[in-house]
Amino acid sequence: MHISEGVLSVPVLAGGAALAAAGLAAGLRGLKPEQMMPAALFSSAFFVASLIHVPLGPSNVHLILNGLMGLALGWTAFPAVFIALLLQAFQFQYGGITTLGVNTVVMALPPVLCWYLGKAPLSSANPAVRAVTAFACGSLSVLASGCLAALALALSGEGLWTSAVALLTAHLPIALIEGVITLTVVSFLARVRPEFLALSPVARGA
């Protein structure tokens, strides 16, 4: 879902940079020592997963794992995504430097929203509620990222509308896959390493 250089308009690039800066500030301000290792782990997982991609017009399709990242990190997802994208831009020319802000917002804002929405249901004693919530967060985070990327393309010119629709459509099966992955990993972590989840009392510092 990396948007390439030279595609987006200047206002969209500027807006993305401003939103990314705000998200980074919030994520770094709330970063706790016990979150350092999970942040590094999920940033690495995001880095590796998004290297396996299929080009699609001015963007590409790949696993993101951002729903899982949001449930594990909360606002810390912003710096985790930013670092991974920065390394990819320099090492593999994925995305770009000018689009770094927009790409960060596209992939980091939905997981933060999922974190807020998933906190209460994932604390439920009902396993079915927890399972449905984890799956929904994994799927909806990908779809929301697809919508944000499509919106960025659409706002940058009418000629990019077709690419925006194709990008969003291509991520529908990815959303289902990520829902299953998120459900599986969250269920496992809740049993063996609950401190890896930002929703747990340990990770919240409660």
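The values are calculated or read from the model by the stated rules, or taken from the named source; none is laboratory data. In this text the structure is predicted, and so the values were computed from the model without any measurement. Note that we place each Cβ from the backbone using ideal geometry, even for glycine, and neighbour counts take in every protein chain shown. Surface areas here come from the heavy atoms of the whole protein model, side chains and all, with no ligands, DNA or RNA. Shrake-Rupley method; radii C 1.70, N 1.55, O 1.52, S 1.80 Å.
Tabulated data
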quantity: Residue-averaged [θ]222 nm for the chain, counting only DSSP H segments that reach four residues, each worth -39500 (n - 2.57); calculated: -24000 deg cm²/dmol
quantity: Dipole magnitude (debye, nearest 20) for the chain, charges at Cβ of Lys, Arg, Asp, Glu; calculated: 580 debye
quantity: Surface share of carbon and sulfur [accessible, 1.4 angstrom probe, percent] for the chain; calculated: 75 percent
quantity: Descending Cα extents along the principal axes, the chain, whole Å; calculated: 49, 32, 25
quantity: Accessible area (Å², per residue) of the chain, counting only protein heavy atoms and a probe of 1.4 Å; calculated: 45 Å²
quantity: Relative contact order [Cα under 8 Å, 6+ residues apart], the chain, whole percent; calculated: 27 percent
quantity: Paramagnetic label zone (point 7 Å from Cα along Cα-to-C-beta, residue 93; backbone N under 12 Å) in the range 1-31; calculated: 5
